[in-house]
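The values are calculated or read from the model by the stated rules, or taken from the named source; none is laboratory data. Predicted model, so just to flag it, every value in this text is computed and none were measured. For neighbour counting, all protein chains shown are included, and Cβ atoms are generated from backbone atoms with ideal geometry for every residue, glycine included. These area figures cover heavy atoms from the full protein model, side chains too; ligands, DNA and RNA do not enter into them. Shrake-Rupley method; radii C 1.70, N 1.55, O 1.52, S 1.80 Å.
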Amino acid sequence: MACSRMTSSMKLALRIRTPARAAVRLRSSAVTASQVKRKEAAEQTGEKPWPVGSHIDHIERCENVGGRPCPALTINFHNTQEAYRSKSTWELVRSMLVFYLCSVDRLVDRNQQLLQLSRKLLGKRLFEMMMKMTFYGQFVAGEDQEAIKPIIRRNRAFGVGSVLDYGVEEDLTQEEAEKKEIESCTAEAEKENVGAVQREKKYQVQPGFGDRRGGVISARTYFYADEAKCDYHMETFLKCIEASGGSSEDGFSAIKLTALGRPQFLLQFSEVLIKWRRFFHQLAADQGKAGLAAVEIELEVEKLQESLAKLGIATKDESHNWFTGENLGLSGTVDLLDWNSLIDSRTKLSKLLLVPNVQSGQLEPLLFRFTEEEDLQMKRMLQRMDVLAKKALETGVRLMIDAEQTYFQPAISRLTLEMQRKFNKDNPIIFNTYQCYLKEAYDNVTADVELSRREGWHFGAKLVRGAYMQQERSRAAEVGYEDPINPTYEKTNEMYHRCLDYILEEIRHNHKANVMVASHNEDTVKFTLKRMNELGIYPEDKKVYFGQLLGMCDQISFPLGQAGYPVYKYVPYGPVNEVLPYLSRRAQENRGFMKGAMKERELLWMEFKRRLLTGNLLYTPRF
């Protein structure tokens, strides 16, 4: 497969302007005149023609200009000498030991008790030394911003950047966690008049699932205590952003929105957004447009007004003003992005609208009124987000907003979107996270890409498979709502590649789009490299990033980095004893990871033997 820039004609961003609509992208399957001529010529000679509109048509856009080799074709993820050039032999031995221990069920099941016992027997100093020689040293970069700099510099020397992630979380018992969660997710209106406020089951606090750490193995969890604690978390994130800016020129910093405010607001706002989107799909079904992708649905304004009047929500005169304005409804249709703008903070319609409850058939208010204190808590959360984004912009650091549970995620995504609209005007500063094990992942990605294209800001996405599958499925089954997760691992892979391919196509036509492929799956990485090659997207464009966790999948990260691709390690840091909850779950994650794929252990062993046989057992990296 040749690897080259697209020809000048193929570089053109082909777009069609429509009334009150953003440019419509012509995908790579568009039929060109030269393709038609080739097809006609082939038919005349009896040869088998190239498929017209083929998704992979290299005739024009993959000429080998100057004979430059394609990095995608030269990367070898099984070359252990190159993969582990950044590791000393001691680090290879530590990795093999840690990965082996992570595959022993009895040790992993009792890891918390064993850690506590070791701490008592060894004492604080010896225990910390032992941890730094094993699990802590494998998965955590250091205790503070200064201690992590050597690892960051070494990784950078071998082509790998960093996503700094402060890995400390509160060590609570299950009972303490559940109590905090119930208290912080219950609105004052619910406390004062039980039963008066009807929220959907999914968006109600569920005591059996109050401890959000249950069934979650790779993500940090924050529980709301008070506003002072949220300010403390904000200060911690600010230090993390400063550390990222001070240690590298192109770093990322990761944050979680549940650390910055009362989760009750996220629950209620998520329910509002989902009800509003569901109402849109109900109206679409009334117009015979059910089953289409969300971003493809356009409602006719006249019919929409008739439906709203028939439901008793608003007369035609009342709703007329909703669908007028500079960009809304002028084309005679309303799509999902137009629809979402109706509950934008810039309008006050959310205080007026009633939405039909499909189950009861009754009209319900879209948003219940917050108390004065709840309103202040919501505003403080938004202010903290704003402070962090401004700091990231000032220091040249990109901010990665982590995904969370589906009952929080609609609000998290919407707030992240608002940050992108504000801070991504010139560069991609804010990145949203999309969990591709969700059935709605593709709709979410395509809608946000379309909005960024329409408004002209830089789209930034991190694609992950997801961290909450076990918890989400258990909660849906027990509480009684539809499972939000794709039914099989294969379906999740399909969803991941579908979302990724859509964004890569967008990058090809619109250089304001950016994506981080956060995956340890070698097939997914190879798929990305192949599509980048086909679409003429180059490593130096710095539009496609790769991400893996510190201490895992070095055989993928470092060959990519040495080939010139932007690749990053998620780098947790924090004091040994305060990072133990993180390490405990990392051991559990590695158990499943190591049982599912023995390749990394085999490669580590191969490199150890190679060094032994070649007299390089005392190898230490130089940089």
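A compact table of results
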read-out	value
R0 of 35 Å, Cβ-Cβ distance Ala147-Glu478: FRET efficiency to nearest 0.05	0.25
Cross-link pairs Lys202/Lys316; Lys462/Lys512; Lys179/Lys202 - those with Cα-Cα distance over 23 Å	Lys202/Lys316
Residue-level accessible surface for Phe623, protein heavy atoms, 1.4 Å, Å²	140 Å²
Cross-link table Lys201/Lys289; Lys124/Lys149; Lys201/Lys379; Lys229/Lys256; Lys229/Lys379; Lys543/Lys569, entries beyond 20 Å C-alpha to C-alpha	Lys201/Lys289; Lys124/Lys149; Lys201/Lys379
Size of charge dipole - the range 157-297 - debye, nearest 20, with Cβ of Lys, Arg +1 and Asp, Glu -1, no other charges	700 debye
Per-selection metrics, the range 429-549 (Cα): Rg and Dmax in Å	15.0, 49
Segment Asp386-Arg154, extension gain: residue separation times 0.36 nm, minus the distance between their alpha carbons	80.3 nm
Anchor Lys542: aspartates and glutamates whose Cα lies under 18 Å away (excluding residues fewer than 8 positions away in-chain)	Glu249, Asp250, Asp426, Asp501, Glu505, Glu506, Glu534
Exposure ranking of Glu602, Glu91, Glu482 by accessible area [1.4 Å probe, largest first]	Glu482, Glu602, Glu91
R0 of 60 Å, Cβ-Cβ distance Glu578-Leu292: FRET efficiency to nearest 0.05	0.75
Two-site label geometry, Glu227 and Ala309: point separation in nm, points 7 Å out along Cα→Cβ	4.6 nm
Accessible surface of Asp105 - all protein chains present, 1.4 Å probe, nearest 10 Å²	60 Å²
Most to least accessible of Thr488, Thr406, Thr74 (protein chains only, probe 1.4 Å)	Thr74, Thr488, Thr406
Separation of the Leu613 and Gln174 label points, Cα + 7 Å toward Cβ, nm	5.0 nm
Alpha-carbon Debye profile of the range 203-320, log10 I(q)/I(0) at 0.11 Å⁻¹	-0.68
Trypsin sites (Lys or Arg not before Pro) within the range 412-475: DSSP coil, no more than 14 neighbouring Cβ in 10 Å	Lys425
Above-threshold pairs, the threshold being 22 Å between Cα atoms, out of Lys239/Lys425; Lys390/Lys425; Lys526/Lys599; Lys391/Lys422	Lys239/Lys425
Accessible area (Å², 1.4 Å probe, nearest 10) - Glu450	20 Å²
Protection proxy ranking, peptides 220-232, 558-570, average beta carbon neighbours within 10 Å, highest first	558-570, 220-232
Added length on full extension, which subtracts the Cα-Cα distance from 0.36 nm per residue, Arg278 to Glu235	11.7 nm
